[in-house]
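Okay, structure first, notes after.
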């Protein structure tokens, strides 16, 4: 049962990053990508029907973690308390920017909210990448299973460390680049004309940057957590997901260059899904790695709910998950086609 719920939590994370990731990426790059007010309204129109719906997966992921692995959830929430405030504020500011931007036809007003939208989206992408980097590197868990961390100390990934160091910042940069390229690929699919061409070229630049960053991030991961990569040869699923990520990146580059935007977006989605799933498969059963004493790590086997609690939760998840999938299918069906700018007012 812990193995199954580990897979469920990973699936929730993959769905959130793939689906809300393109909205975050589109927001992060829209200031440079969209040059006129009409183009910026087109970007918002392209993600408008989906951005708040996509955040359902963030809530579902947190709920899945809570019911299946309450010890992991409680330790992570208390340990990352300071960073979570940044995430909440960015989520609020992003929503406010999308909703309030068009309330006035004033250049200063709209320019202000455009900056807020771009900044909060980029910072969210960075923070999520930093959080992922912290999970891979490890946190200073005590014998009781708790930890507290300052924002930064020496910027070295060793005890006593902070939330930010050179490794977690590298993970954050990779996250920003990956989601920006993902968002650009989405906009290339959903827009037309000059904006579509700019988005296509931006996606290609971001994806080539990922080609360069991937080996660097892999080497840095080996330095901070060698056991994770040493476990990969004996885990076929991790290899399979790594191949999926590589194939997705190649497909995104190839189809983007050939002006096949939907296929390029699917390739970008496969890259992100493969990377997250491969990382999770390599980490299992570790959910919160302890540093410097790894024997204190919280595992899927010792940080989970009771078997009965997991079975009950699985029944509710099995009932709710298909409903959400149907809801998203209807949503994408209703809003299919290219994004168009709505009339003012």
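Looking only at residues of the range 291-315 that are in a loop (DSSP other than H, G, I, E, B) and touching a helix residue (DSSP H, G or I) at 6+ places or on another chain (Cβ under 8 Å), we find that the one that is surrounded by the fewest Cβ atoms within 10 Å (Cβ to Cβ) is 301. Scan the range 119-135 for residues that are farther than 24 Å from residue 280 by Cβ and either surrounded by fewer than 20 Cβ atoms within 10 Å (Cβ to Cβ) or without any contact (Cβ under 8 Å) to a residue 60 or more places away in the chain (or both) and jot them down. Correct list: 119, 123.
Residue check: residue 318 meets all listed conditions (1) part of a loop (DSSP other than H, G, I, E, B); (2) farther than 30 Å from residue 185 by Cβ but one, namely (1).
Of the residues in the range 136-151, at least one is buried (at least 21 other Cβ atoms within 10 Å of the Cβ) and assigned to a helix (DSSP H, G or I). Only residues that are touching a residue at least 40 places away in the same chain (Cβ under 8 Å) and part of a loop (DSSP other than H, G, I, E, B) were counted across the range 93-109, and they come to 1.
Condition check ((1) closer than 30 Å to residue 302 by Cβ; (2) modelled with pLDDT under 90; (3) touching a helix residue (DSSP H, G or I) at 6+ places or on another chain (Cβ under 9 Å); (4) crowded, with 22+ Cβ neighbours inside 10 Å) across all residues:
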site	(1), (2), (3), (4)
16	yes, no, yes, no
22	no, no, yes, yes
25	no, no, yes, yes
29	no, no, yes, yes
39	no, yes, yes, no
55	no, yes, yes, no
75	yes, yes, no, yes
84	yes, yes, yes, no
89	no, no, yes, no
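Is it the case, given these coordinates, that residue 253 is more than 19 Å from residue 172 (Cα to Cα), modelled with pLDDT of 95 or more and either out of contact with any strand residue (DSSP E or B) (no Cβ under 9 Å at 6 or more places or on another chain) or outside any helix (DSSP H, G or I) (or both)? Spelling it out, residue 253 is indeed more than 19 Å from residue 172 (Cα to Cα), modelled with pLDDT of 95 or more and either out of contact with any strand residue (DSSP E or B) (no Cβ under 9 Å at 6 or more places or on another chain) or outside any helix (DSSP H, G or I) (or both). Reported count of residues in the range 63-73, each being in contact with a helix residue (DSSP H, G or I) (Cβ under 8 Å, 6 or more places away or on another chain) and within 15 Å of residue 320 (Cα to Cα), is 2.
The values are calculated or read from the model by the stated rules, or taken from the named source; none is laboratory data. Keep in mind that this is a model prediction, so the values were computed, not measured. All Cβ positions, even for glycine, are placed from backbone atoms using ideal geometry, and neighbour counts span all protein chains on display.
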